[in-house]
Amino acid sequence: MSLSEKPTLSQCRLDLWLWAARFYKTRSIAALNIKKGLVRLSGKTKTKPASLINLDSQLIIEQNFVRKTILVEEIAVKRVSSEKAKNFYKIIFEDSQEGAKFFQARTRYKPDKKIRRNLRALKGKLHFLSDN
């Protein structure tokens, strides 16, 4: 093997790979999201940050109310530029309908200035009930 050839890795920790592929800014944030259940490996219900991933592993990642199904195409342990990091994975499926529904519902029920003023006045009038 010459000096220019890189040894190919067959396995890597899940939190390290997510950090190297630029899904999360730090490994600790990646590990925290894995513990929360926002990242699942090959359909497992519970995944640990130290789980080993291989080539052709499938990941389900939920970020900002968007669910992505990802196929691992390259194992990496060092963080690289975003252009090179895009070669580490292939997005199989992306579902953003849940996020769109959430944000539409949120903006639909946001009170405007006049309604907020009326709510504050109503709370001020009913304030005597809570002081008993």
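The values are calculated or read from the model by the stated rules, or taken from the named source; none is laboratory data. The shown structure was predicted, so the numbers you read here are calculated from the model rather than taken from an experiment. So basically every Cβ, Gly included, is an ideal-geometry build from the backbone, and we count neighbours across all protein chains shown.
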Return yes or no: is Ala31 of a type outside the set (D, E, K, R), surrounded by 14 or more Cβ atoms within 10 Å (Cβ to Cβ) and free of Cβ contacts under 8 Å to residues at least 40 places away in the same chain? yes
Kindly indicate the residue of the stretch 32-53 that is over 10 Å from the mean Cα position of the chain (by Cα) and among the β-branched types (Val, Ile, Thr) and also nearest to Ser10 (Cα to Cα) among those meeting that condition. Ile53
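Among the helices (runs of 4 or more DSSP H) lying completely within the stretch 1-113, list those that include at least 2 residues that are of a type outside the set (Gly, Ala, Ser) and at pLDDT 85 or above. Show your work before the answer.
Values: elements: 14-20, 27-36, 82-85, 97-108.
Because the criterion is at least 2 residues that are of a type outside the set (Gly, Ala, Ser) and at pLDDT 85 or above, the helices (runs of 4 or more DSSP H) in the stretch 1-113 that meet it are 14-20, 27-36, 82-85.
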